[in-house]
Each structure stands twice: as structure tokens, then as C-alpha cells.
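**Q** One structure is given below, represented as C-alpha cells, and several questions about it will come after.
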Amino acid sequence: QVQLVESGGGLVQPGGSLRLSCAASGSILSINTMGWYRQAPGKERELVASITINSGTTYADSVKGRFTISRDNAKNTVYLEMNSLKPEDTADYYCNAHVRTWGTTYFIAYWGKGTLVTVSA
């Protein structure tokens, strides 16, 4: 039905930058809110940033001023630009999208499989 595929994770030094991408594909009629979550070892998954179809954004306090979320509705893709990365940003980052598929009247939340971001010297 719907697949979300993340890319762009990797190893970066403290203070560095990375850009994550997440492309949604499948039988998509419309995508409402898209977002990025992260989960560090031993911790619960938390919201990093989200963006509505009209580009309204929400950020976790810990990333405000450092991360920027954006989307390309024509490509069904959401991005996360991460700057001034800190070791505490190390986590698996997951893409989330609320998708309405053809033949339905409701939105379902889909998840990607995650991409690892490691911030270390």
C-alpha cells in the first residue's frame, strides 16, 4: 500500500550537519501531517518535528533553532535539515506520515523503518 523510505543518516562529528529525506510511495491520494521522530537506546520514541500539509511546523524544544523540517508535496517527501548536531542527537530517526489512500475517506499513520544518526568525535 504505502511505503516510507528514509535516507541521509550516518556518522557526523559534533557541530556538523546532516539532511534526512523520507519519500512516501504507493497508492497515495493525500498526505496530511508528516513528521520525524527519534529513539535513542533505552529511551522512548519522541517527536522531533512535524509539518502540516499547509507547512505549519512544530519542533521539540531540544532541536529548536538547529533543525528545520520541510516538505515537497509534489514528491510526497519530507526533509529534516539538522545543524549544530550534538552527541545527544544520536538516535534512530523515523519518518511518519498520515496518508489517505485511494478508495478511502480516512487517514492512517505510516512509519518508515528508520535511519541511524550518530554524532560522535
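The values are calculated or read from the model by the stated rules, or taken from the named source; none is laboratory data. For clarity, every value in this text was computed on a predicted model and none was experimentally measured. Quick reminder, even Gly has a Cβ in these numbers, built from the backbone with ideal geometry, and neighbours come from all protein chains shown. What goes into the accessible areas is simple: the full protein's heavy atoms, side chains included, and nothing from ligands, DNA or RNA. Shrake-Rupley method; radii C 1.70, N 1.55, O 1.52, S 1.80 Å.
**Q** Please go through the range 42-64 and give me each residue that is in contact with a Phe, Trp or Tyr (Cβ under 7 Å, 6 or more places away or on another chain) and either open to solvent by 20 Å² or more (accessible area, probe 1.4 Å) or without any contact (Cβ under 8 Å) to a residue 24 or more places away in the chain (or both), ordered by number. Before you say what the answer is, go through the steps one by one.
**A** At the first step, the residues of the range 42-64 found to be in contact with a Phe, Trp or Tyr (Cβ under 7 Å, 6 or more places away or on another chain) are 45-49, 59.
Residues satisfying the conditions are 45, 46, 47, 59.
**Q** Quick one: count up the residues across the range 87-121 that are in contact with a helix residue (DSSP H, G or I) (Cβ under 9 Å, 6 or more places away or on another chain) and either part of a loop (DSSP other than H, G, I, E, B) or without any contact (Cβ under 8 Å) to a residue 24 or more places away in the chain (or both).
**A** Here the count works out to 2.
**Q** Still on this model: Kindly list, by first and then second residue, each pair from a residue in the range 22-41 that is in a strand (DSSP E or B) to a residue that is surrounded by fewer than 13 Cβ atoms within 10 Å (Cβ to Cβ), limited to pairs with Cβ atoms under 6 Å and residues at least 6 apart or on different chains.
**A** Sorted first by the residue in the range 22-41, then by its partner, the pairs are 25/3; 26/1; 26/3; 29/102.
**Q** What's the total number of residues in the range 87-102 that are farther than 11 Å from residue 48 by Cα and either out of contact with any strand residue (DSSP E or B) (no Cβ under 9 Å at 6 or more places or on another chain) or among the hydroxyl-bearing types (Ser, Thr, Tyr) (or both)?
**A** Residues flagged as farther than 11 Å from residue 48 by Cα and either out of contact with any strand residue (DSSP E or B) (no Cβ under 9 Å at 6 or more places or on another chain) or among the hydroxyl-bearing types (Ser, Thr, Tyr) (or both) within the range 87-102 amount to 2.
**Q** Let me ask something additional. So which residues in the range 84-107 are of a type in the set (Ser, Thr, Tyr) and open to solvent by 30 Å² or more (accessible area, probe 1.4 Å), if there are any at all?
**A** Across the range 84-107, the qualifying residues are 84, 90, 94, 105, 106.
**Q** In addition: Report yes if residue 80 is within 15 Å of residue 4 (Cα to Cα), in contact (Cβ under 8 Å) with a residue 12 or more places away in the chain and open to solvent by 60 Å² or more (accessible area, probe 1.4 Å), otherwise no. Before you say what the answer is, go through the steps one by one.
**A** Working: within 15 Å of residue 4 (Cα to Cα): yes; in contact (Cβ under 8 Å) with a residue 12 or more places away in the chain: yes; open to solvent by 60 Å² or more (accessible area, probe 1.4 Å): no.
So residue 80 does not fit the description; no.
**Q** Select from the range 7-17 the residues that are open to solvent by 30 Å² or more (accessible area, probe 1.4 Å) and part of a strand (DSSP E or B) and list them in ascending order.
**A** The answer is 7, 11.
**Q** Here is a follow-up. Could you list all residues from the range 65-77 that are open to solvent by less than 50 Å² (accessible area, probe 1.4 Å) and hydroxyl-bearing (Ser, Thr, Tyr)?
**A** So in the range 65-77, the residues open to solvent by less than 50 Å² (accessible area, probe 1.4 Å) come out as 66-67, 69-72, 76-77.
Correct list: 70, 77.
**Q** Next up: Please indicate, with yes or no, whether at least one residue in the range 29-39 is surrounded by 13 or more Cβ atoms within 10 Å (Cβ to Cβ), aromatic (Phe, Trp, Tyr) and either modelled with pLDDT under 95 or on the phi < 0 side of the Ramachandran plot (or both).
**A** yes
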